[in-house]
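Remarks on the structure that follows.
The values are calculated or read from the model by the stated rules, or taken from the named source; none is laboratory data. Source: prediction; values computed, not measured. Methodologically, a virtual Cβ is constructed for each residue, glycine included, from the backbone with ideal geometry; neighbour enumeration extends over all protein chains shown. Heads up: the accessible areas ignore ligands, DNA and RNA and are worked out on the full protein's heavy atoms, side chains in. Shrake-Rupley method; radii C 1.70, N 1.55, O 1.52, S 1.80 Å.
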Amino acid sequence: MAKEWWEGELANDILAVLRVKELTLAKFKASSPQLAVRRYLVDWLAIIFEKVGSSYGILHLSVSLMDYFMDNHDIPEPQLHLVALTCFLLAAKFDETENRIPTIEQLNSFVHNSFERSEFHAMELILLDHFSWNVDLPTAASFVEMFLVHSVLPDDNHSGRPLNNCAKARVYVRKYVHYFLEISLQDHKFLSFKPSVVTAAAVASARSCLHLTPTWKPALVELTHYEYFQICECVDLMLKAHDADEKAMSNSHAVVQSNSNVVLQSPASTN
């Protein structure tokens, strides 16, 4: 198969299969005693993802495996890192090219070689048994390239005017969509939505932030099979998180500026 499957003849068939698979995902109960440290583990896996240089979908699949496993187990704190790393290893084995699968030694180095190889192997078997050896879980990343195909169209408007540069707009939309999908990984509330809803909401949120109108078009309805009212709750969560990020960044800049002013004024104040 061509690498860009979303542009091939099988795209619609693959999308249909993904939609069926996501209906079989277990309901996330948010019952894990370790739910409070979930955000830390997700951020930690994101750092490992960057350093290992894995493909984009690996992070989403590894977090998904970790979420559903943690949701059904009370994991001792010393074992949480082992669970997270083994989920990453399983995701890579399933969805990565062979030459890019990280080794146990490579992953173990992120915890200062705290675990034996045998512990990784044992945890792999525990995870595989829990998932009945089916780790082919659809994630929001599974839908992203397909949905990005029509994320920007020539007849879009930008801030009330006709869009001049469609290619440039697609670059910015892609960046925003990936940003919103990162947000969806960090908050377990997004697990209440189907992965395809999360991806569709990320596209709508990106278009909203970039002032592309209308926010949700007939072409996107046809592609995603969602009317806007079906994704609006997820969109609201994403945009609120985005506003919180911007506010935090603004406050951070204000503190830095304030500290800079203090430093600049301090020599005069001592004279």
Of all residues in the stretch 46-70, which are surrounded by fewer than 20 Cβ atoms within 10 Å (Cβ to Cβ) and not in a helix (DSSP H, G or I)? G53, S55
Filter result (under 24 Å from F143 (Cβ atoms) and acidic (D, E)) within the stretch 35-93: D43, E50, D67, D71
The lone condition I48 fails out of (1) modelled with pLDDT of 95 or more; (2) touching a Pro at 6+ places or on another chain (Cβ under 6 Å); (3) within 16 Å of F88 (Cβ to Cβ) is (2)
Which residue pairs have Cβ atoms closer than 7 Å, lie 6 or more positions apart in sequence or on different chains, and pair a first residue in the stretch 220-233 that is surrounded by 15 or more Cβ atoms within 10 Å (Cβ to Cβ) and aliphatic (A, V, I, L, M) with a second residue that is at pLDDT below 95 and part of a helix (DSSP H, G or I)? L223/F147
If I go through the stretch 24-45 residue by residue, how many of them are closer than 22 Å to T199 by Cβ, exposed (fewer than 15 other Cβ atoms within 10 Å of the Cβ) and either within 17 Å of the chain's Cα centre (by Cα) or in contact (Cβ under 8 Å) with a residue 60 or more places away in the chain (or both)? 3
In the stretch 60-78, what residues are more than 15 Å from the chain's Cα centre (by Cα) and under 13 Å from E124 (Cα atoms)? F69
With respect to E77, determine if the residue is of a type outside the set (G, A, S), out of contact with any strand residue (DSSP E or B) (no Cβ under 9 Å at 6 or more places or on another chain) and open to solvent by 80 Å² or more (accessible area, probe 1.4 Å). yes
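The rows are residues; the columns are (1) modelled with pLDDT of 95 or more; (2) surrounded by fewer than 11 Cβ atoms within 10 Å (Cβ to Cβ).
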| residue | (1), (2) |
| --- | --- |
| E98 | no, yes |
| E105 | yes, yes |
| S109 | yes, no |
| N113 | yes, yes |
| N134 | no, yes |
| A141 | yes, no |
| E145 | no, no |
